[in-house]
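A.B. asks: Next up is a structure, given as structure tokens.
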Amino acid sequence: MLDPEFLFCHNASLAQRDAARRVSFGTKIGTETATTHHWRKGGEPMGSPEEMSVDVLVVGAGPTGLFAAYYAGFRGLSMAIVDSLPETGGQVTAMYPEKMIYDVGGFPAVRGRDLIKGLVEQAAPWNPVYLLGRKAVSLEEVADEDRPLRMTLDGGDVVRAGAVLITAGIGEFTPRPLPAGDGWLGKGLVHFVPALDVHRDQHVVVVGGGDSAFDWVLALKPIAASVALVHRRSRFRAAESIVKEAREAGVRIITDAEVTALREDAEGGLAEIALDVKGGDSLVLPAQAVVAALGFTADLGPIENWGLKIERRAIDVDSTMATARHRVYAAGDVVSYPGKVKLIATGFGEAATAINNIAVALNPDAHLFPGHSSNAE
Ligand SMILES: Cc1cc2nc3c(=O)[nH]c(=O)nc-3n(C[C@H](O)[C@H](O)[C@H](O)COP(=O)(O)OP(=O)(O)OC[C@H]3O[C@@H](n4cnc5c(N)ncnc54)[C@H](O)[C@@H]3O)c2cc1C
């Protein structure tokens, strides 16, 4: 059983301490897991929890889910956040961590990566439990007034929750594969670049013709030994302005080219990429890293079977963010209602609405209005 004292961080407010008390785990999980927060697929030195119990389970650690975690803590609710990606940040981390975002209130301009860092920091005092690299698979109701929802994760672990908030965005992303890169994933071939520094002084080839491919070449150019962009067409999906910027920065751009092979050096590491260029030429470039920025397919997957009203890959919600299912709420890109606008700013507002309504659903004596955070200790 979790030792609640272990979770009491310095300066913890009463609400925080209450939240910490209400996180309880099955016998196999230890305090260290609860406080390290990153319980990753595969690496389970402390064993899998049999069952975890929280007030709110948030499905999706994109910007909406992360802000919901802050708000749940502010309302004194314990929470866990599950995400099938190994990192927090949803679309922002996966698709545009290096881009500047200009339409988040209070930030005239904020880099995607920094916005996510700020959201994680904002939620941190409330001790959210991050279940990263885990997919929420099935949702059942059980006869338990306090914890009526039972979410099973891939691998069979279970989270019991008083309420579930789905912030699953456009669903689970699967990167489009680079056929010639079969067997190289994780051995020099990547789909996105969570940390630029990994590629310092490397020869890097980015494959793709969209905004992300151009973002990566521009971000990597100052630190890599060389950067080239390879695209199979002569036209790009990326905005003209970013293509121009890459050309002006001197990035080598090779169009009408198909990747035919990735080749190893004597030690078995990635060394070269071979291309067939339209017109019959073949080309070999040095490459210690290949970034396949070919886009993602997104799929709501298991969520479609959770008994919700879903139309055109979006969950119907009312003005409290409640779905058709008891104690199941949704917010962010995954929801639909008349006038819905899919933006980070709207997701933040919906997260606050959802959590405050969840607070009342869990405790009918609670006020819907949370009070002002500026008045909190
Ligand atoms: C290139 C690009 C640029 C953008 N620029 C802007 C901008 O400038 N301003 C702006 O406001 N918006 C922008 N957006 C949109 C913005 O990123 C989204 O509105 C925002 O990310 C939505 O956040 P979310 O948390 O609702 O969902 P997401 O960010 O999609 O996060 C959802 C998370 O849920 C997880 N998930 C899904 N299903 C499951 C499951 N079954 N189990 C576990 N985890 C699951 C996913 O892995 C994902 O991490 C941009 C989007 C793109 C692609």
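A.B. asks: Give me the Debye-computed log₁₀ of I(q)/I(0) at q = 0.12, 0.24, 0.28 Å⁻¹ for region 227-287, equal point scatterers on Cα only, no solvent, two decimals.
C.D. replies: For region 227-287 at q = 0.12, 0.24, 0.28 Å⁻¹, log10 I(q)/I(0) is -0.35, -1.00, -1.13.
A.B. asks: When Lys and Arg each count +1 and Asp and Glu each count -1, what net charge do the other residues less than 14 Å away from E121, Cβ to Cβ, add up to?
C.D. replies: Numbers: positive: R113, K117; negative: D114.
Charge balance in the 14 Å sphere: +1.
A.B. asks: Can you give the three extents of the C-alpha atoms in region 239-377 along their principal axes, from longest to shortest, in whole Å?
C.D. replies: 72, 39, 37
A.B. asks: Taking the alpha-carbon centroid of each part, what is the distance from region 76-131 to region 148-166 in angstrom?
C.D. replies: 22
A.B. asks: If the cut-off is a Cα-Cα distance under 25 Å, which lysines reach K221, setting aside same-chain residues fewer than 8 apart in sequence?
C.D. replies: K99, K117, K187, K244
A.B. asks: Sticking with this structure for a sec: Taking the Cα atoms of region 248-328, what is the range of coordinates along each of the three principal axes, in descending order and whole Å?
C.D. replies: Between the extreme Cα coordinates on each principal axis of region 248-328 lie 59, 34, 27 Å.
A.B. asks: Given the chain, what percent of its DSSP beta bridges are antiparallel, to the nearest 5?
C.D. replies: Values: 34 of 71 bridges.
Of the beta bridges lying entirely in the chain, close to 50 percent run antiparallel.
A.B. asks: Fewest first, what order do S241, S53 take by the number of other Cβ atoms within 10 Å? It would help to have the intermediate numbers written out before the result.
C.D. replies: Details: S241 9, S53 22.
Ordered by Cβ neighbours within 10 Å, fewest first: S241, S53.
A.B. asks: Find the centroid of the Cα atoms in region 300-377 and in region 209-236, then give the distance between the two in whole Å.
C.D. replies: Each part reduced to its Cα centre gives a spacing of 38 Å.
A.B. asks: What is the order of F74, F236, fewest Cβ neighbours within 10 Å to most? Spell out each step's value before the answer.
C.D. replies: Details: F74 24, F236 20.
Ranking F74, F236 by Cβ neighbours within 10 Å, fewest first, gives F236, F74.
A.B. asks: Per Stokes-Einstein, at 4 °C and 1.567 mPa s, what whole-number D in µm² s⁻¹ belongs to the chain, with the Kirkwood radius over Cα pairs as the hydrodynamic radius? Before the final figure, lay out the partial values.
C.D. replies: On the way: Rh = 22.2 Å.
It comes out at roughly 58 µm²/s.
A.B. asks: In the chain, which longest range has no trypsin sites (Lys or Arg not before Pro) that are both DSSP loop (not H, G, I, E or B) and surrounded by at most 10 other Cβ atoms within 10 Å? Walk me through the numbers before you get to the answer.
C.D. replies: Values: sites that count: R235, R312.
Longest run free of exposed loop sites: 1-234.
A.B. asks: What 222 nm value per residue comes from the helices of the chain, counting each DSSP H run with n ≥ 4 as -39,500 (n - 2.57) and dividing by all residues, nearest 500 deg cm²/dmol?
C.D. replies: Values: 9 runs with 86 residues, N = 377.
That comes out to -6500 deg cm²/dmol.
A.B. asks: Please express the shape of region 133-231 as an equivalent ellipsoid: the semi-axes are the square roots of 5 times the eigenvalues of the C-alpha gyration tensor, given largest first in whole angstrom.
C.D. replies: Values: eigenvalues 335, 39, 31 Å².
One finds semi-axes of 41, 14, 13 Å for region 133-231.
A.B. asks: So for M100, M321, fewest C-beta neighbours within 10 Å to most, what's the order? Walk me through the numbers on the way to the answer.
C.D. replies: Details: M100 13, M321 27.
With the fewest neighbours first, M100, M321 line up as M100, M321.
A.B. asks: Sticking with this structure for a sec: Under 1.5 on a/c is rounded, so check that first for region 177-294, then, if it is not, pick prolate when a/b is larger than b/c and oblate when it is not; a ≥ b ≥ c are the square roots of the alpha carbon gyration tensor eigenvalues.
C.D. replies: Numbers: a/c = 1.64, a/b = 1.17, b/c = 1.41.
Oblate, because a/c is 1.5 or more while a/b does not exceed b/c.
Read the figures in this text as sums done on the coordinates, not as results from a lab. These numbers come from a predicted model, not from an experiment. Every residue, glycine among them, receives a Cβ derived from its backbone with ideal geometry; neighbour counts consider all protein chains shown.
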